[in-house]
1. Of the numbered conditions (1) at pLDDT below 90; (2) buried (at least 16 other Cβ atoms within 10 Å of the Cβ); (3) not in a helix (DSSP H, G or I), residue 112 satisfies every one except a single condition; which is it?
2. Could you tell me which residue of segment 53-70 is modelled with the highest pLDDT, considering only residues that are exposed (fewer than 15 other Cβ atoms within 10 Å of the Cβ) and within 20 Å of residue 97 (Cα to Cα)?
3. Looking only at segment 82-103, which residues are touching a helix residue (DSSP H, G or I) at 6+ places or on another chain (Cβ under 8 Å), under 18 Å from residue 23 (Cβ atoms) and part of a helix (DSSP H, G or I)?
4. Within segment 7-18, count every residue that is surrounded by fewer than 15 Cβ atoms within 10 Å (Cβ to Cβ) and in contact with a helix residue (DSSP H, G or I) (Cβ under 6 Å, 6 or more places away or on another chain).
5. Identify all residues within segment 44-81 that are over 11 Å from the mean Cα position of the chain (by Cα), more than 27 Å from residue 12 (Cα to Cα), in contact (Cβ under 8 Å) with a residue 40 or more places away in the chain and in a helix (DSSP H, G or I); write none if there are none.
């Protein structure tokens, strides 16, 4: 069941989204992402949110980045104490908590765009290994 938001709840959310780099905002957003209320984010939680990003990528005509690549990037970025769980403390200590959260909830987030570009370059290098000729623009790859 969806909960009704008050004006205060809405404003808290907007402020947290606009100030993701602040510890208070990271704490607020972490509680939203911790859908199982376990005090940590695991692969299930990350995948739960990233699936929506993949759907948005598909709707916008982009090839979705595989979740495994994003998951690995997130865990490399955060460097959690437990290699299978990201706690709020890990998120605050890594210095890139805002980027990690953006990857999971913002299609246009800087972190996600960086991963997409890396993934696309990996795909191009893979194709070039098989001597497939490519013509590229900044947004699309055209196979000959």
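The values are calculated or read from the model by the stated rules, or taken from the named source; none is laboratory data. Model, not experiment: these values are computed from the prediction. Backbone-built Cβ (ideal geometry, glycine too); neighbour counts: all protein chains shown.
1. So residue 112 meets the others, but not (3).
2. Taking the candidates together, the pick is 68.
3. Selection gives 88, 90, 91, 92, 94, 97, 98, 99, 100, 101, 102.
4. Residues meeting the conditions: 0.
5. 57
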